[in-house]
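First up is the structure itself, then whatever we jot down about it.
Values quoted throughout were computed directly from the atomic coordinates according to the rules given, and no laboratory measurement underlies them. All values derive from a computational prediction rather than experimental measurement. When we count neighbours, we look across all protein chains shown, and the Cβ atoms used for this are built from the backbone with ideal geometry, even at glycine.
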Amino acid sequence: MEAANTNITAAKVDAGQGWQWIVAGFALFRKAPLIWIVLSIVLLVIAVVMGFIPLLGQLAFNLLSPVFLAGLMAGCRALEKDEELEIGHLFAGFQKNATPLVTIGGVYLVSQLLIIGVAMLIGGGTMLDILMGKKEMDAPAVLEMAGGMVLAVLVAAALTMPLMMAIWFAPPLIYFKGLAPLAAMRLSFSACLKNIMPFLIYGLMLMVLFVIAAIPFMLGLFVMVPVLFTSIYASYKDIFEQPGRADQPQA
C-alpha cells in the first residue's frame, strides 16, 4: 500500500453542489455511455452469480463491493484525463490497495448485520411470540407488531445513516490517497457531516430521478445506475480535490 497523505482535508461546498454532482456525473457518463452501461451490467451479473452461492456468495460480494467501486472511480479518473474507459477498470481495485478496500467491505458487512440484529430485537419480539404460539393473532397483537416494526425501521435507518456517511468516500480515499481504512472512514464521515445540505439535495434529486428512470419499463436505470457511480466521483472530487489545494490527486 502507498504512503498515505496525512494532510487531507474536506472542503465545505455550497448546498447547490448537490445537484451539480449529478450534472457532472452525467457529463462523465456521456463521455462513454455504452461502456458505462456494459460495466453496470457486468457488475450486476457478478452480483447475481455470487448471489446463487448460498450465504457465502452474498457475503463475499459485500466484502468486494468497495473494491469494485474503487475501480469505477478509477474509470472516472481515466475519463477525466481524456483516456479510454475500459471494462478492466471495474477490477482496478484488485491491483491497488485491495486489502484496505476489502476491510471497508468487512466493516460495512458486520455493521449491517449488527444493525439488523438490533432492529430485530426492537421490532421482532411480538412477531416471534406469535410464531411460537405465545401470543394469539388478535387485533392488539397485530397493532403491537406493526408498531414494533415501524420503530425497528426507524432505528435501523438512524443507525444506517452514519454508517453510509463513513463508507461513502472511503473507497476513493483509500484508492487515490492511500489512507488506512479507519482514517478513510473518519474523514468520509466528517466530510459528509460538513456537507450535510448538499448531500440532502443530492439524495432527494437522486430519488426523484430514479423514480422517473423506472417509469419507462425501468430503461432509464441503464443511465441512472452509471450516473450514480459517476456522481459519487464528482462529489469526491469537489470535496477533496478542488483546484489549488495542497493534497492534489495521485495518479
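See the values below:
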| item | result |
| --- | --- |
| Vicinal HN-Hα couplings computed from phi for the stretch 78-86 (Karplus, 6.51 cos²θ - 1.76 cosθ + 1.60; Hz; Gly/Pro x) | 4, 4, 4, 8, 6, 9, 7, 7, 10 |
| Relative exposure of Thr103, Thr230, judged by other C-beta atoms within 10 Å (fewest first) | Thr103, Thr230 |
| Computed FRET value (nearest 0.05) for Val150 with Thr99, which takes r as the C-beta separation and R₀ as 41 Å | 0.55 |
| Ranked Asp238, Asp82, criterion: other C-beta atoms within 10 Å, fewest first | Asp82, Asp238 |
| Coarse-grained scattering of the stretch 145-248 at q = 0.12, 0.17, 0.20 Å⁻¹, given as base-10 log I(q)/I(0) from a Debye sum over alpha-carbon atoms | -0.54, -0.93, -1.10 |
| For the stretch 32-67 versus the stretch 143-219, the gap between their alpha-carbon centres in whole angstrom | 19 Å |
| Residues Lys81 and Ile41, FRET efficiency given R0 of 35 Å [Cβ-Cβ distance, rounded to 0.05] | 0.90 |
| Sparsely packed chymotrypsin sites (Phe, Trp or Tyr not before Pro) within the stretch 41-74, loop by DSSP, other Cβ within 10 Å at most 12 | Phe52 |
| Neighbour-count order for Val107, Val48, Val227, fewest beta carbons within 10 angstrom listed first | Val48, Val107, Val227 |
| 3J(HN,Hα) from dihedral phi, the stretch 208-222, Karplus parametrisation 6.51/-1.76/1.60, rounded to Hz, x for glycine, proline | 4, 5, 5, 5, 4, 5, 7, 5, x, 6, 6, 5, x, 5, 5 |
| Cα gyration tensor, the stretch 192-238 - rounded (a/c under 1.5), prolate or oblate | oblate |
| Two-site label geometry, Leu59 and Lys12: point separation in nm, points 7 Å out along Cα→Cβ | 4.3 nm |
| Selected from Leu56, Ser111, Gln17, residue furthest toward positive end of dipole (the stretch 4-122; charges at beta carbon) | Ser111 |
